[in-house]
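Visitor: Before I ask anything, let me first share the structure, which is written out below as structure tokens.
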Amino acid sequence: MMRSLLASVLLIGAGLPALAVQPAPGEVLAKEQSYRFWLPDAVKSLDPQKNVDAEGAEVIRQLFEGLMDEDASGAMQPGVASSYEVSDDRLSYVFQLRPDAKWSNGDPVTANDFVYAWRRLADPDTASENAWRLELMHVQNAAEVLTGKKKPAELGVKALDAHRLQVVLSQPAPYFLKTLAHPATYPVHRKSIEAAGEGWTAAGKLVGNGAYVLRAHDLGVSISLEKNPKYRDAAHVLMQKVTGVTIADPAQALRRYREGGLDRVQIPAGDVAAVRAELPGQTVISPYACTYSYLVNLSDTGPAALRDTRVRQALAYAIQPDVVVDRILQGGQKPAASWTHWAIAGFQPPVSEQAGWTDGQRQQKARALLEAAGFGPKHPLKLVLSVNASEDDRKLAAAAVEFWKSVSVQVSTSELPWKQLSERLQSGEFQLARYAWCADYDDASSFLNVLRASGPNYGKYASADYERLLTEAEQAADPARAYTAAEALLARDMPLIPLYHYAKAELIRPEIRGLPNSHAMGEWWAKDLYRVAP
């Protein structure tokens, strides 16, 4: 028996075209509907299953469309799927595809296009760095297919008919629907791939099902898109031309914006206040679902002192997060009151006692905890903090060293190239280390699963209660309570010390409307944009 979990928007979407962002009363559209955005690096791949770069994902979202999309706040909304049903045990999803969904060459988009794409993603011969996402989604047999123990045809996805796609999971995943907005899950056009081989994503050959088609791609210079007249909702797409401009130097990109050559650009670190004063009304601060922390090595390779909860709490309390964001970063970031980013949809951080402490109270509590653990001015705790060899990491580390010095903890820093720091984290060759995480999807589990025994748990945090809570979350229709309780455990056990939540400080030309500024994942769709007359 299937039970419907359809929101009203999905029911409406089955019979009516999805409405893109429309001009507000009194707004006058510009004659030329074009949008030029900054790409910090070249778009190396436009293959949904193979791309791993943020720049590629930005463009792929315009050229292809998945089962589900996201609105400006990150909430799920219909994509190619107009509706879906889920079984009572939450292991089987059946998606009804829109009959008017077409590829840019006019072919219909069918359930078999998704089956082909997902099997291609899982196939070891594809060698996709995104294949692990199928395991994250708990798609049936994903682990066995990825390791070659089963064939791609045994993956838990099949076409029930031309417009009904079934996905079977090995266990419930409350975040499953949220993963469907990721480009790795998008359909691809089998005939085009088989005809053109590796060159199928070239301009003139790429066949997509998104709101735009690829017109030109000068690698490392620019990429040009035009509105797709065969897109299922083309009647409501206002933006006609979209151009990504590759500029490696952020300062040069800022100059291009000032000259009118870009409509959107990220503000270089440290320049936010000056740019805001220079260009009032054009600076936009948006949340970005990443958290910066100092990871604690709790394994046998780390100092024994760090396995004392009181020591870890003292190290965390000694940090003054307001100083970090207000005096050092100055880019719209927020002090981290949790490991999970504050803007993640549906997340409610636990209310902690230390949230209301003054800086003096934090230091007083830190000294008391260290004294109880056997450390103080006469017997100082000595540690090494490993950080990336970058200016921002250097500034943050210098501040942290001073904070800890004020409670008689002596910390020296070790600056390492990013590759070497990453290797040290994986091998456990560190005491304290700079560690940041960005969500893969808009759900607290994307942060919390990192610290599970099965995650990239470099600090070797081990807690049966933590594992129980996250297992409970996987089984719950609403996992919010379990997520909050898991964060409360992290605030007590302190396996890492969250410093701040990321934000994006950008310049956006006032004529461009429809860009989201509250989406934690920072994703956007050009089909929702339009330009007004200046």
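What follows draws every value from the coordinates through simple rules; no lab data is involved. Being a predicted model, the structure only gives us computed values, none of them experimental. Cβ atoms come from the backbone with ideal geometry, glycine included; neighbour counts cover every protein chain shown.
Visitor: Going 7 Å from the Cα of E423 toward and past its Cβ, which residues in region 369-407 have a backbone nitrogen under 13 Å from where you end up?
Guide: Answer for region 369-407: none.
Visitor: Taking only C-alpha pairs under 8 Å that are 6+ residues apart, what is the relative contact order of region 427-487 in percent?
Guide: 26 percent
Visitor: Helix by helix, which DSSP H runs in the chain go 15 Å or more along their axis at the Cα atoms and have an average Kyte-Doolittle hydropathy of 0.0 or more?
Guide: Passing helices, by number: 480-493.
Visitor: Once you have the Cα-Cα distance between Q282 and R255, take 0.36 nm times their residue separation minus that, and quote the gain in nm to one decimal.
Guide: 8.3 nm
Visitor: What percent antiparallel are the DSSP beta bridges of the chain, to the nearest 5?
Guide: Beta bridges within the chain, antiparallel portion: roughly 80 percent.
Visitor: With respect to the cross-link table entries K178/K205; K395/K504; K31/K527; K149/K178; K178/K395; K44/K241, which display a Cα-Cα separation exceeding 24 Å?
Guide: Cα-Cα > 24 Å for K178/K205; K149/K178; K178/K395; rest within.
Visitor: Right, here's the next one. Straight-line reach from K460: which lysines have Cα under 25 Å away, leaving out those fewer than 8 places along the same chain?
Guide: Reachable lysines: K382, K419.
Visitor: Something else now. At a Förster radius of 25 Å, what calculated FRET efficiency corresponds to the Cβ-Cβ distance of S518 and Q22, to the nearest 0.05?
Guide: About 0.85, to the nearest 0.05.
Visitor: Compute log10 of I(q)/I(0) for region 288-504 with the Debye formula, placing one identical point scatterer on every Cα and leaving out solvent, at q = 0.09, 0.12 Å⁻¹, to two decimals.
Guide: Each listed q corresponds, in turn, to -0.33, -0.60.
Visitor: Now a separate question. Quick one: longest stretch of the chain between exposed loop trypsin sites (Lys or Arg not before Pro), exposed meaning at most 11 other C-beta atoms within 10 Å and loop per DSSP?
Guide: By the stated rule (loop sites, at most 11 other Cβ atoms within 10 Å), 150-377.
Visitor: Further question: Charges only on Cβ, +1 for Lys and Arg, -1 for Asp and Glu: so what's the dipole of the chain about the Cα centre, in debye to the nearest 20?
Guide: Dipole size: approximately 340 debye.
Visitor: Something else: Work out the length of the dipole vector of region 174-319 about its Cα centre, built from +1 on the beta-carbon of each Lys and Arg and -1 on the beta-carbon of each Asp and Glu, and round it to the nearest 20 debye.
Guide: In total the dipole reaches around 400 debye.
Visitor: Let me ask something else about it. For the chain, what's the relative contact order in percent, using C-alpha pairs closer than 8 Å and at least 6 residues apart?
Guide: 21 percent
Visitor: Mind checking the dipole of region 288-504: about its Cα centre, +1 per Lys or Arg Cβ, -1 per Asp or Glu Cβ, Debye to the nearest 20?
Guide: So the dipole magnitude of region 288-504 works out to roughly 700 debye.
Visitor: Given the options L136, I508, A75, identify the residue whose Cα lies farthest towards the positive end of the charge dipole of the chain (+1 on Cβ of Lys, Arg; -1 on Cβ of Asp, Glu).
Guide: Farthest along the dipole direction, towards plus: I508.
Visitor: Can you compute the label reach from A248? Point 7 Å from Cα along the Cβ direction, backbone N cut-off under 14 Å, restricted to region 29-56.
Guide: 40-43
Visitor: Using Cα pairs under 8 angstrom and six or more residues apart, how large is the relative contact order of region 288-504, in percent?
Guide: That works out to 40 percent.
Visitor: Here's a follow-up. Using a Förster distance of 45 Å, how high is the FRET efficiency between R468 and D322, based on the Cβ-Cβ distance and rounded to 0.05?
Guide: Working from the Cβ atoms, E equals 0.85.
Visitor: Also, quick follow-up: Per DSSP helix of 4 or more residues, -39500 (n - 2.57); summed, then divided by the residues of the chain. What does that give at 222 nm, rounded to the nearest 500?
Guide: Per the formula, -7500 deg cm²/dmol.
Visitor: Another one. What list do you get for D300, D271, D326 if you sort them by fewest beta carbons within 10 Å?
Guide: Arranged by neighbour count, lowest to highest, D300, D271, D326 become D300, D326, D271.
Visitor: If you don't mind, there's one more thing I want to ask. Which far-off residues, 5 or more places away or on another chain, put their amide H under 5 Å from the one on K102, with H placed in the peptide plane?
Guide: Long-range HN contacts for K102: V109, R232.
Visitor: Hey, another quick one. What's the extension gain from Q364 to T126 if we count 0.36 nm per residue and subtract their Cα-Cα distance?
Guide: 80.1 nm
Visitor: Can you list the lysines whose alpha carbon is less than 23 Å from that of K151, not counting same-chain residues fewer than 8 positions off?
Guide: K50, K191
Visitor: Run the quick spin-label model on R307 and Q33: label points 7 Å from Cα toward the beta carbon, then report their separation in nm to one decimal.
Guide: For R307 paired with Q33, the spin-label model returns 6.4 nm.
Visitor: Suppose we flag GluC sites (Glu not before Pro) only when DSSP calls them loop and at most 15 other Cβ atoms lie within 10 Å. Which is the longest uninterrupted stretch of the chain?
Guide: Counting only loop sites that pass the neighbour cut-off, the longest clear stretch is 260-428.
Visitor: Find which of L490, V311, A368 sits farthest along the positive direction of the dipole of region 288-504, computed with +1 on the beta-carbon of Lys and Arg, -1 on that of Asp and Glu, about the Cα centre.
Guide: With unit charges placed on the Cβ atoms, the residue in question is A368.
Visitor: Right, here's the next one. What residues of region 229-267 lie in the reach of a label at A273, counting those whose backbone N is under 16 Å from a point 7 Å from the Cα along Cα→Cβ?
Guide: From region 229-267, the list is empty.
Visitor: Also: Could you estimate the translational diffusion coefficient of region 354-467 from the Stokes-Einstein equation, with Rh from the Kirkwood formula over C-alpha pairs, at 25 °C and 0.890 mPa s, in whole µm²/s?
Guide: Rounded, D is 151 µm²/s.
Visitor: So if we plug the beta-carbon distance of K405 and S454 into 1/(1 + (r/R0)^6) with R0 = 25 Å, what FRET efficiency do we get, rounded to 0.05?
Guide: Plugging the Cβ-Cβ distance into 1/(1 + (r/R0)^6) gives 0.10.
Visitor: Taking 0.36 nm per residue of separation and subtracting the Cα-Cα distance, what length does fully extending A203 through L219 add?
Guide: So the chain would gain 4.6 nm between A203 and L219.
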